[in-house]
Amino acid sequence: MTALILGLIIIASGAGLTVLPSLIERSLFRPYWLVPRRQYPTLLTSGFMHANFAHLAFNAFTLWSFGVPLERATGRGRFLALYATGLLVSDAGTWLKHRNDPEYASLGASGAILAVLFASIVYYPTESLYVMPLPVPLPAPLFAAGYLAYSWYAARLQRGRINHDAHFSGALAGLAFVALTDPAACRRAFAALLR
């Protein structure tokens, strides 16, 4: 499933960034216009398009690195449900914040990928993550806490073109998904951290 999702993202984004730029324009998620113009497909299509190749490469690397082992732990069906939940919940967070702004638009799989990453932290709580430019790995739970704090803060500032709201809500969606679908994994994570 990870390979299939990743393949679709690479093909769609690659086409949009090279030969069919109209794909990107049609795929943009515009919260203000979602209901009035019935742009409901963009809830899904926006998650398969990226603004540039750097954005695509970073998301592709993260999805592959964390998606493959997580899919082995959860199974294909639950992994796909997690990914879809992360995508839709991150869209919901974006909609809530920007529903009154006719100029706002976003795209990218970051919300869904953050759901995968944070679910992976629950399943593998003793792992460490390398975060550029830090020269040493961070324990996964420390990274999770720091990332959530940073995303919340950055979303309040509303600077730049990064959708921090999608990152924040996608990460929380990943944690909530595991808590609801596999509470034993949460108990194991807490037990591992208390050792």
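Nothing in this text is a laboratory measurement; each read-out follows from the coordinates by a stated rule. Just so you know, these numbers come straight off a predicted model, no measurement behind them. For neighbour counting, all protein chains shown are included, and Cβ atoms are generated from backbone atoms with ideal geometry for every residue, glycine included.
For the reader, a short list of remarks on this structure follows.
- Farthest positive-ward along the stretch 2-194 dipole, Cα basis, beta-carbon charges - from Val178, Val131, Leu70: Val178
- Under the combined filter of DSSP loop state and at most 15 neighbouring Cβ atoms within 10 Å, the stretch 117-167 retains these trypsin sites (Lys or Arg not before Pro): Arg159, Arg161.
- Both radii come from the Cα set of the chain: Rg as radius of gyration, Rh as Kirkwood radius; their ratio Rg/Rh reads 0.97.
- Note on the stretch 1-53 and the stretch 81-130: Cα centroid distance 15 Å, given to the nearest whole angstrom.
- Spacing of the two label points (7 Å from each Cα toward its C-beta) at Ala191 and Val131, in nm: 2.9
- Scanning residues 5 or more positions from Leu129 or on other chains, those with amide H under 5 Å from its amide H are Leu138, Ala140, with H placed 1.01 Å from N in the peptide plane.
- The chain: angle of helix 183-194 to the longest principal axis, Cα-based, in degrees nearest 10: 60
- Across the stretch 7-22, coupling constants 3J(HN,Hα) worked out from phi with the 6.51/-1.76/1.60 Karplus curve, θ = phi - 60°, read x, 5, 5, 5, 5, 5, 5, x, 5, x, 7, 10, 9, 10, x, 5 Hz, and Gly and Pro carry x.
- Candidates Gly77, Gly14, Gly47: whichever shows maximal mean-square fluctuation once the chain is modelled as a Gaussian network with Cα springs under 10 Å: Gly77
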